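Colleague: Can you read through this structure? Questions will come right after.
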Amino acid sequence: MSRQATLAIEEAFTEEWGRIVAALIGRTRNWDLAEDCAQQAFAEAARRWPGEGIPDRPGAWLMTVARNRAIDRLRHERIRDSRLREAVALIDEGLEHGDEEEREDDSGIDDDRLRLIFTCCHPALPLEGRVALTLRALAGLTTVEIANAFLVPEPTMAKRLVRAKHKIEHAGIPYRVPPAHLLPERTSGVLAVLYLMFNEGYAASTGDELIRIDLCAEAIRLARLLNRLMPDEPESDGLLALMLFQHSRREARADAAGDVITLDEQDRSRWIRAEIEQANTILDAAVRRDAIGPYQVQGLIAACHANAPHVAATNWARIAALYERLVEVAATPVVRLNHAVAVGMATGLDDGLALVDRLAASGELRNYHLLHATRADFLRRLGRNSEAADAYREALDLARTEAERQYLTKRLQEVGAGSRQGGREWGARGG
Amino acid sequence: MRYMMFVCVDGATELSADERVTIGPEAQAWVKEMQGRGVRLQGQELADVQDATTIRVRGGEVVIGDGPFAETKEQIAGFDILDCADLDEAMEVAAKHPVARFGTLELRPFAEG
């Protein structure tokens, strides 16, 4: 295939997949049909564009092909179901009036895709199903790609997708943008799904899996789409900025061997400035709207790190204050742990350690490796090496990825070496 | 869309004195409101789970059980049949039921109807 045609198809895929699937589901309520027909439209483009040339409006071309396929399929199937008959009539009508083409020319607000996002992220679906369905229907990832991304066997992921679609159909989950009284809650649900997707990619990106689809990039792409579709939602901007700040560090987060490099030791020249600048612009505009929420606060915290030219220039007092604010709007144990870290850096290691100990005593984060790793780091910095070693060991038992284990092992060796020199701690343990 | 709404409570749940007094009138008010809206078709509170009997026919023999079908902590205390536009409406109707504050409401769509 000519390079030009390949590029055109790739570009069209990014832009048009979700649009086509969303439009066809809107008219037929048949998710599998919509995905199949979108797939067929792209396959036909791959066959025809190299010879016939790229159409003037690739999106409209693909939409027409997909829609015709849908009509053919529905006609050829024995249509007993009155809903399907209705769907065919509606699609026929749409085809005659070319409604899709008109819609592309108007304000740019694409209700079908917004409907699709809210339906994929409906709270009655299991969380893992929401993430998978969003990646399939909206981002156009294949079942195999999603399965690889989440390190589950393909049949498991296929089953997850089937169940989610089945529930949408059979439990009466509406295909729509939620009404005003549900919108704030549902919007934060959508943001949570995108952030979960991003974090899944972020946690794994330094692991030993190289074949995984870049979930971070997919989440950012979807967040950008959501921002275009919901321009009046500053929390959505906050999330996009937060992801861009974190993603801008991807080249600096691990060394050549794949070992984690912590924020304070990263080579900041490897952070991608253009992405940081873009995040700054997005976040500035969002906070000026004066409707602050947890994602904007987290974005502001990330901005403190991203804009500090070197680690010593980090404004920890501001970060600690922002975490205090975050505790007010989203008092999860993880947020409180990060608050403790910021306080430790801003006012003193002992203050930070005291907060971590209080959190540890509550037992909420007992199985969270970062609680133990954070305690260990505080103890190490305070020179309490044998206690630090114990905490590193606890963290090691709970760590999720190979890269994290390597980092913790390295630290454990450092404090272990320190305590051997001291000698006393080993004696106290009875050797 | 029709849904069977199971009203489930944990047998160990102790209501406060206040709640024991208000739960009945509140449930009646819910029924009245939802019937008025046309979303509740019918419903019934059920007798205690100790009064349940199970019947199975195995190998041609009738096997009678003297207890509930499933030994779970949550027991079905009643049901309502809802007719709603979609799951969002059914969720809203269920969330307004007074038992939702301490029990669990399960919304089961009717299979194809």
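The values are calculated or read from the model by the stated rules, or taken from the named source; none is laboratory data. Fair warning: this is a prediction, and the values are worked out from it, not measured in the lab. Here Cβ is always computed from backbone atoms with ideal geometry, including for glycine, and neighbour counts include all displayed protein chains. Areas reflect the complete protein model, heavy atoms only, side chains present, ligands, DNA and RNA absent. Shrake-Rupley method; radii C 1.70, N 1.55, O 1.52, S 1.80 Å.
Colleague: What is the Cα centroid distance between the range A:330-406 and the range A:285-310, reported in whole angstrom?
Modeller: 24
Colleague: A further question on this structure: Which one of B:103, B:24, B:65 has the biggest mean-square fluctuation once chain B is modelled by GNM with Cα springs under 10 Å?
Modeller: Sorting by GNM fluctuation, first place goes to B:65.
Colleague: Okay, moving on. Got the relative contact order for chain A handy, in percent, Cα pairs under 8 Å and 6 or more residues apart?
Modeller: Once divided by the residue count of chain A, the mean separation gives 9 percent.
Colleague: Here's another thing I want to ask about it. Just to be sure I understand the interface: list residues from the range A:170-196 that lose 40 Å² or more of accessible area between the chain on its own and the complete protein assembly, 1.4 Å probe.
Modeller: Buried-area filter returns A:170, A:171, A:172.
Colleague: Leaving out ligands and nucleic acids, note down the accessible area per residue over the range A:110-235 with a 1.4 angstrom probe, in whole Å².
Modeller: 40
Colleague: Just to confirm a number: summing +1 for Lys and Arg and -1 for Asp and Glu over residues other than residue A:8 whose beta-carbon lies under 13 angstrom from that of residue A:8, what do you get?
Modeller: -3
Colleague: Please list the non-local residues whose amide H lies under 5 Å from the amide H of residue B:78, H modeled 1.01 Å from N, same-chain partners needing a gap of 5 or more.
Modeller: Hits under the 5 Å cutoff: B:7, B:46.
Colleague: How much of the accessible area of chain A, in percent, comes from carbon and sulfur atoms when a 1.4 Å probe is used?
Modeller: Details: 10390 of 20700 Å².
Roughly 50 percent, rounded to a whole number.
Colleague: In whole Hz and in residue order, list the ³J(HN,Hα) couplings for the range B:85-100 that follow from phi through the Karplus curve 6.51 cos²θ - 1.76 cosθ + 1.60, θ = phi - 60°; x for Gly and Pro.
Modeller: 5, 6, 5, 4, 5, 4, 5, 5, 4, 5, 5, 7, 5, x, 5, 4
Colleague: Which residues does a label at residue A:181 reach in the range B:89-104, if reach means a backbone N under 17 Å from a point 7 Å past the Cα toward the Cβ?
Modeller: B:89-98
Colleague: Can you list the lysines whose alpha carbon sits under 28 Å from that of residue A:167, skipping same-chain ones fewer than 8 residues off?
Modeller: Cross-link targets: A:159, B:73, B:96.
Colleague: Indicate the gyration tensor shape class of the range A:157-203 (rounded, prolate or oblate), computed on the Cα atoms with a ≥ b ≥ c the square roots of the eigenvalues: a/c under 1.5 is rounded; otherwise a/b larger than b/c is prolate and the rest oblate.
Modeller: Oblate shape, in that a/c is at least 1.5 and b/c is the bigger or equal ratio.
Colleague: At a threshold of 8 angstrom on Cα-Cα distance, excluding pairs fewer than six apart, so keeping six or more, what relative contact order does the range A:284-343 reach in percent?
Modeller: 32
Colleague: Per DSSP H run of at least 4 residues, take -39500 (n - 2.57); add these up for chain A, divide by its residues and hand me the 222 nm value, nearest 500 deg cm²/dmol.
Modeller: Working: 21 runs with 305 residues, N = 431.
Dividing the helical sum by the residues of chain A leaves -23000 deg cm²/dmol.
Colleague: Residues in the range A:365-408 near a label at residue A:331, defined as backbone nitrogen under 20 Å from the 7 Å Cα→Cβ point?
Modeller: A:365-366
Colleague: Can you list the HN-Hα couplings for the range A:378-384, worked out from phi with the Karplus curve (6.51, -1.76, 1.60; θ = phi - 60°), rounded to whole Hz and with x for Gly and Pro?
Modeller: 4, 4, 5, 5, 7, x, 8
Colleague: Related question: On the protein heavy atoms, probe 1.4 angstrom, tell me the percent of accessible surface of chain B carried by carbon and sulfur.
Modeller: 54
Colleague: Taking the alpha-carbon centroid of each part, what is the distance from the range B:34-113 to the range A:240-256 in angstrom?
Modeller: A separation of 50 Å, based on Cα centres.
Colleague: Using modelled backbone amide H atoms (1.01 Å from N, in-plane), which distant-in-sequence or interchain residues come within less than 5 Å of residue A:291's amide H?
Modeller: Placed amide hydrogens put nothing under 5 Å from residue A:291.
Colleague: Oh, and also: Calculate the FRET efficiency for residue A:278 and residue A:410 from the Cβ-Cβ distance with a Förster distance of 35 Å, rounded to the nearest 0.05. Let's see the in-between values first.
Modeller: Working: r = 34 Å, r/R0 = 0.97.
Efficiency, from the Cβ-Cβ distance: 0.55.
Colleague: In percent, how large is the relative contact order of the range A:235-285, given Cα pairs closer than 8 Å and 6 or more residues apart?
Modeller: 50
Colleague: In vacuum, with every alpha carbon of chain B counted as one equal point scatterer, what does the Debye formula give for log10 I(q)/I(0) at q = 0.13, 0.16 Å⁻¹? Two decimals, please.
Modeller: Result of the Debye calculation: -0.58, -0.81.
Colleague: Okay, helix-only estimate at 222 nm for chain B: each DSSP H run of n ≥ 4 adds -39500 (n - 2.57), divide by all residues, round to 500 deg cm²/dmol; what do you get?
Modeller: After summing the helix terms and dividing by residue count, I get -8500 deg cm²/dmol.
Colleague: Right, another one. Give me the inter-chain shielding for A:367-373: mean count of other chain Cβ atoms within 10 Å, whole number please.
Modeller: Working: counts 0, 0, 0, 0, 0, 0, 0.
Counting other chains' Cβ atoms within 10 Å and averaging over A:367-373 gives 0.
Colleague: Follow-up. So who's got an amide H within less than 5 Å of the one on residue B:40, skipping anything under 5 residues away but keeping other chains? H placed 1.01 Å off N, in plane.
Modeller: B:35, B:83
Colleague: When a/c reaches 1.5 or more, the comparison of a/b and b/c decides; with that in mind, is the protein assembly as shown rounded, prolate or oblate per its Cα gyration tensor?
Modeller: oblate
Colleague: Okay, moving on. Can you compute 3J(HN,Hα) from phi for each residue in the range B:75-84, using the Karplus curve 6.51 cos²θ - 1.76 cosθ + 1.60 with θ = phi - 60°, rounded to whole Hz and x for Gly and Pro?
Modeller: Rounded to whole hertz, the list is 10, 6, 9, x, 8, 9, 9, 10, 10, 10.
Colleague: Near residue B:92, within a Cβ-to-Cβ distance under 13 Å, what is the net charge of the other residues, with Lys and Arg +1 and Asp and Glu -1?
Modeller: Every neighbour counted, the sum reads -1.
Colleague: While we're looking at this one, here's another question. 7 Å from Cα along Cα→Cβ at both residue A:3 and residue A:269: what's the point-to-point distance in nm?
Modeller: 3.1
Colleague: Would you mind giving the total buried accessible surface between chains B and A, with a 1.4 Å probe and ligands, DNA and RNA left out, rounded to the nearest 100 Å²?
Modeller: Looking at B and A, the buried total is near 700 Å².
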